[in-house]
1. In whole Hz and in residue order, list the ³J(HN,Hα) couplings for segment 254-265 that follow from phi through the Karplus curve 6.51 cos²θ - 1.76 cosθ + 1.60, θ = phi - 60°; x for Gly and Pro.
2. Quick one: order Arg42, Arg71 by neighbouring beta-carbon count within 10 Å, fewest to most.
3. Taking the convex hull of the Cα atoms, report for segment 3-163 its projected area averaged over all directions, in nm².
4. For Asp233, enumerate residues with amide H under 5 Å from its amide H, sequence gap 5+ or separate chain, H modeled in the peptide plane.
5. Output ³J(HN,Hα) for segment 22-29: one whole-Hz value per residue in order, computed from phi by the Karplus curve 6.51 cos²θ - 1.76 cosθ + 1.60 with θ = phi - 60°, and x for Gly and Pro.
6. Using the structure shown, list the pairs from Lys124/Lys155; Lys205/Lys316; Lys316/Lys460; Lys466/Lys496 with a Cα-Cα distance above 27 Å, or answer none.
7. Each residue of segment 287-293 in turn: what ³J(HN,Hα) in whole Hz from Karplus with 6.51, -1.76, 1.60 and θ = phi - 60°, glycine and Pro shown as x?
8. How big is the C-alpha Rg of segment 81-126 next to the rule-of-thumb value 2.2 N^0.38 Å, as a ratio?
Amino acid sequence: MNTDLLNSVIEHAKEISVLSGTMALLEWDQHTYMPERAGEFRSQQITWLSGLIHQRHTNPVYGESLRELQRGLDEQSACSPEAANIRGLLRDYEKNVQLPESLVKATALATSIGQQVWVEAKAKDDFAMFKPCLEEIVRLRREEASILQTPGRTKYDSLIDQYEEGADSEQIRVVFEALRRDLVPIVRESIAREKARPTKLSLGKAFPIESQRRLSQWVAQKIGFDFERGRLDETEHPFCTTLGPHDHRILTRYFEDSYSSGLYGVLHEAGHGLYEQGTPADMHGLPAGSAASLGVHESQSRLWENMVGRSVGFWKWLLPTAQTYLPALAGLSVEQIVSDLNRVEQSLIRIEADEATYNLHIFVRFEIEKELIDGDLKVSDLPELWRSRYQEYLGIAPDTDTMGVMQDVHWSAGLIGYFPTYTLGNLYAAQLMETATRQLGDLDTMFAQGEFGPLLDWLKTNVHTKGRSMLPHELMLQVNGAPLDAKPFLSYLQRKLLSK
Ligand SMILES: [Zn+2]
């Protein structure tokens, strides 16, 4: 391998990650502490930086160097981390080079403004205010999708591919359909059982936000999130972002009347953060130092949030501490809390949904996105279509757009094609937990002792440190010895919800 050429390519890719990290910092600040009137200039900054990053991504000399290195890969070097970097960077280059800088900058501007307008429109329940922004974003993303579309694949597929490389809407539809067939009866029976249960534990109680903050930080640290390399802050819509090899930010929001909303936001985002902290820091900015895909990312967040965080073992460990931080939990048993946290119900808000109905929320979005990109669905028809699909899938429809089509930040940020990765993540997580249990033994007993290290180390070894050295479905196949399958998730739900 031509070492000088390889070094120049790596240096170039690392420079891109310096710029991307800077942009991520500007975006993080926009979602946290930025003063209201700073928004317009912030959008200019982000637009300009995105153009600069795009120029770097599509530099012809860089592209030619990557092609030359790829040609020089022989059988011996094909499995090395260097080869994985070259292949991944070249794939990125080939996609980026098709997109005009004007389109990239227009999208950056539209989504930066879009997110600011979304916050206000959501607060005022004013879809008409958000509509022109979303129309522009959808127009730009459709344009991008047509440019990236390859033969035999739809436009929407090319957007999905940006989040879950190698996946397409038809494969996803087939998996989702298999899942839906067996999931709907589980949901129906679980909801029927709910009717006999007491009302929500948090009803009428107050959970001081400052105490929730301290408890959540403590929990994140105990499951292994490294606060010397990260921070926990607050925002409208929880997320996790990486600003550098040793700088991972997680964000949540707290409500005084809920002990679980803020905490489970933290567990979810800390799951993402643990993944990022587990990727090889010396490879930061390169495929070998990046996450495999968003589906794999969601497998990590959903695993810590649900499969760990809503387990009996976890609450055996946490309850005594939680009661000292939140005295309103006094007198409750582990069984009561776990049952409360795993309540299955028809609900309107995806991020608050239980594990079973959660996927129904995703199916709605997946179908709508496909119609929006591959079909001729109009943005103006979204609120009504949303209500009718919710009625069909969840048997309940929102009265307001704040509780409906405007609840998620994603579309305002241009993230179309992202939603299916949440359900992929749920399925991957269940497969990973089955494999981990087979290899490590009973995890619930470990959680009850506050021992999260064995699971985290296992995930680090098998998932985190692998980076993006292979396609997501190849990585999952390697770890689990089986392709993507809904069955482990379905039997997990059966065991958890219907076995008692
Ligand atoms: Zn997530």
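Rule-based calculations on the coordinates, nothing more; no lab input. Model, not experiment: these values are computed from the prediction. We place every Cβ from the backbone using ideal geometry, glycine too, and count neighbours over all the protein chains shown.
1. After applying 6.51 cos²θ - 1.76 cosθ + 1.60, I find 10, 10, 4, 9, 9, 7, 10, 4, x, 4, 6, x Hz.
2. Working: Arg42 18, Arg71 7.
Result, fewest neighbours first: Arg71, Arg42.
3. 11.3 nm²
4. Ile250, Leu251, Thr252
5. In residue order, the calculated couplings are 5, 5, 4, 5, 4, 6, 4, 5 Hz.
6. Those over the limit are Lys124/Lys155; Lys466/Lys496.
7. x, 5, x, 10, 5, 5, 5
8. 1.83
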